[in-house]
1. How many residues, within the range B:181-207, are within 9 Å of another protein chain (Cβ to nearest Cβ) and closer than 22 Å to B:Glu246 by Cα?
2. Kindly evaluate A:Gly34 against the criterion of being in contact (Cβ under 8 Å) with a residue 24 or more places away in the chain, more than 30 Å from A:Ile235 (Cα to Cα) and surrounded by fewer than 17 Cβ atoms within 10 Å (Cβ to Cβ).
3. How many residues are among the aliphatic types (A, V, I, L, M) and within 13 Å of chain B (Cβ to nearest Cβ) when one looks only at the range A:164-180?
4. Could you check, for the range B:248-270, whether at least one of its residues is touching a helix residue (DSSP H, G or I) at 6+ places or on another chain (Cβ under 9 Å), under 25 Å from B:Val153 (Cα atoms) and of a type in the set (S, T, N, Q)?
5. Could you run through the range A:37-68 and say how many residues are more than 16 Å from A:Lys91 (Cβ to Cβ), touching a Ser or Thr at 6+ places or on another chain (Cβ under 8 Å), modelled with pLDDT of 90 or more and within 14 Å of chain B (Cβ to nearest Cβ)?
6. Look through the range A:302-314, keep the residues that are under 8 Å from the mean Cα position of the chain (by Cα) and within 11 Å of chain B (Cβ to nearest Cβ), and return whichever of them is farthest from A:Ala281 (Cα to Cα).
7. Counting only residues that are touching a helix residue (DSSP H, G or I) at 6+ places or on another chain (Cβ under 6 Å) and crowded, with 19+ Cβ neighbours inside 10 Å, which one in the range B:308-324 is farthest from B:Arg150 (Cα to Cα)?
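The values are calculated or read from the model by the stated rules, or taken from the named source; none is laboratory data. Just so it is clear, the structure is predicted and the values come from calculations on it, not from any experiment. All Cβ positions, even for glycine, are placed from backbone atoms using ideal geometry, and neighbour counts span all protein chains on display.
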2 protein chains.
Amino acid sequence: MTRARLDNLTASLSTPKLDAVVLNPGPTLTYLTGQQFHLMERPVVLFIAPGKVPALVLPELEALKAERFPYKVQVFTYGENPLEWGEAFRKAILALDLDGKQIGVEFRQLRLLEFDYLIAGANNADFPDASEALVQLRLRKDKAEVDAMRRAVKIAQDALEAVIPLIKIGMTERELSGELVIQLLRHGSDPELPFSPIVSSGPNSSNPHASPSDRKLQAGDMLVVDWGATYNHYISDLTRTFAVGEVDAECQKIHKIVQEANAAGRAAGKPGAPCAAVDIAAREVIEKAGYGKYFTHRTGHGIGMEAHEDPYMRGDNQQLLEVGMAYTVEPGIYLPNRNGVRVEDNMVVTETGAESLSDMPREIRVVG
Amino acid sequence: MTRARLDNLTASLSTPKLDAVVLNPGPTLTYLTGQQFHLMERPVVLFIAPGKVPALVLPELEALKAERFPYKVQVFTYGENPLEWGEAFRKAILALDLDGKQIGVEFRQLRLLEFDYLIAGANNADFPDASEALVQLRLRKDKAEVDAMRRAVKIAQDALEAVIPLIKIGMTERELSGELVIQLLRHGSDPELPFSPIVSSGPNSSNPHASPSDRKLQAGDMLVVDWGATYNHYISDLTRTFAVGEVDAECQKIHKIVQEANAAGRAAGKPGAPCAAVDIAAREVIEKAGYGKYFTHRTGHGIGMEAHEDPYMRGDNQQLLEVGMAYTVEPGIYLPNRNGVRVEDNMVVTETGAESLSDMPREIRVVG
């Protein structure tokens, strides 16, 4: 992490005509500072304006963090009494001369908590959504970023392989999820996982976003495991679906279809192809097999520092893929209250196509 | 979780003159629904208005979650294209007749993402901060809540006791933190920890909010461990400070002072006492010992579903303690770039005083 990322940002501000941006804790702030801050009841914001020393507002007891920034910042701290917090915001705004200016913010990240201090502290300023410009910064992953994602994929795959022999009929989804988390950490994931693993069996697997429950695995269940690791702020997000003991013919069939859809989606990515092409390639396989109405979500989403980020693999997204963009391919078929299947890989666009960072077997495997 | 919590909320809306509240994913939404939603790029909001069936806006692929609510809700789902999301908001607003109304929101939780859909969807509505009214709902913990917190404390204590024999000179802070997370999960914590453990040694321990680094433990270090577990959405948040091998006389001394300050803070809580009394009791011990300027934060914060919530143990907070309120007592002394000490317990106000849910030895213990 060098100050090059900051320079890229300030250079990009001229296009959307912004005088500054202000960031609160989240992936963009971490990307631009190398430091992780938490969203909490005490606001933390970084003001960035071209040609000026960035201004950081934060609680006194976190002041030391500013020393680890890869560039100089002006620090405005506040104490424990919330009545004094506005003053720190005002000082930072004065230091960067932001009254009446266009100050970009991230609508998906900024809370009314920070926004309220900002509008009170900056007279006649506007706060447009600068997400588009900020998303651009992180859209094309460089080699170090891809290496971190590759490592996050390897950690996740090794962790699940360590758990598979332990899966038994009668084990609960929650127990399996707990063991998987432990193995993710043992294999080197950073402690903050990108998300809690989804472990869903039988009828629960027909809910794409199920939380692990106390349901016990039964013979005949499909078992969906959607999990990931974090390495140096970058994440992986994979899914494999297993058969618990012997499953019926339709389960076998839908798994085969989803696996083919996944392969088609993976093959469709290349520089210059629209994101829609990835979705359409995967969806066509499922539709032709007659299960189109049971594939209820987009084919994938971008990944990097966030489990969901740009670009999105939707049928209506004409955004063109570029070298270094990273995304998931994760088609699924969900038969309500019966069974579900999803197979998910993590892709990076290369000069000639798209590489899957994940290579764990995708065939249906029998467990239990 | 029954619908009683919802009824308490709607009854409370008359005082701040609100026609409705709207909640996005976070502890209040979980408290009122028993369901956990994640903050992501797809907005989820629940509108609650007295005498009306609550309205839930969420992505189609999460629609099944509504069936697990402890009361009936009207569900307004949207598909993958963000251009259609506003329509789901508008339908929910029409269903509850919220145009021109006072709709309370949580400033600390609501993002501009949801806010933007709300102001576009509700004509001439106001969105005041309803945090005060909402905080009231969760302020006094009932028996089931205290039982969950007690369990979260026991899990945390048992996990750290399992790790202590493994602590060795030369181990990194990060390794120790990883092992502690594994033991928290092994001992029954829910996978989403309240926060990543702080493990800070030597000079790093003088930063109250340090992140675990690759620094190796050395003889003579103070070692601060600030950790917690989650059980059924409720959390614990404890700190103990250890001596790595032999530490100097000043380290011994500041540990003893902090331990006395912690005891004084714990003893000061009772129904009718102001929160300030807890802070003052702990702070006096440290000030009298001549280290006042090195105790750089408030004495504690409320805990429950969040690691930081009301009430706050600050010297200027005249809020009166009531039976069932839960909070931390966590005085510290931080000698810049040398060593730090903090000792933290989790308290619940009883009829006659305040009970510490945590009972792990507070004396300085030698490790390594």
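1. Adding up the residues that qualify gives 2.
2. Details: in contact (Cβ under 8 Å) with a residue 24 or more places away in the chain: yes; more than 30 Å from A:Ile235 (Cα to Cα): no; surrounded by fewer than 17 Cβ atoms within 10 Å (Cβ to Cβ): yes.
Judged against the criteria, A:Gly34 is not a match.
3. Of the range A:164-180, the ones among the aliphatic types (A, V, I, L, M) are A:164, A:166-167, A:169, A:171, A:176, A:180.
Filter once more, keeping what is within 13 Å of chain B (Cβ to nearest Cβ): A:176, A:180.
The total comes to 2.
4. Within the range B:248-270 (the criterion being touching a helix residue (DSSP H, G or I) at 6+ places or on another chain (Cβ under 9 Å), under 25 Å from B:Val153 (Cα atoms) and of a type in the set (S, T, N, Q)), the answer is yes, since at least one residue qualifies.
5. Counting residues in the range A:37-68 that are more than 16 Å from A:Lys91 (Cβ to Cβ), touching a Ser or Thr at 6+ places or on another chain (Cβ under 8 Å), modelled with pLDDT of 90 or more and within 14 Å of chain B (Cβ to nearest Cβ) gives 0.
6. Keep residues of the range A:302-314 that are under 8 Å from the mean Cα position of the chain (by Cα), which gives A:302-309.
Narrowing further to those that are within 11 Å of chain B (Cβ to nearest Cβ): A:302, A:306-309.
Details: A:Gly302: 17, A:Glu306: 25, A:Ala307: 22, A:His308: 21, A:Glu309: 21 Å.
Looking at residues that are under 8 Å from the mean Cα position of the chain (by Cα) and within 11 Å of chain B (Cβ to nearest Cβ), I get A:Glu306.
7. Per the criteria, the residue is B:Asn317.
Residues are listed down the side, and each one gets a yes or a no for (1) of a type outside the set (A, V, I, L, M, F, W, C); (2) within 24 Å of B:Glu106 (Cα to Cα); (3) in a strand (DSSP E or B):
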position	(1), (2), (3)
A:Leu29	no, yes, no
A:Phe37	no, yes, no
A:Pro43	yes, yes, no
A:Glu62	yes, no, no
A:Tyr71	yes, no, no
A:Gly86	yes, yes, no
A:Arg90	yes, yes, no
A:Leu98	no, no, no
A:Gly104	yes, yes, yes
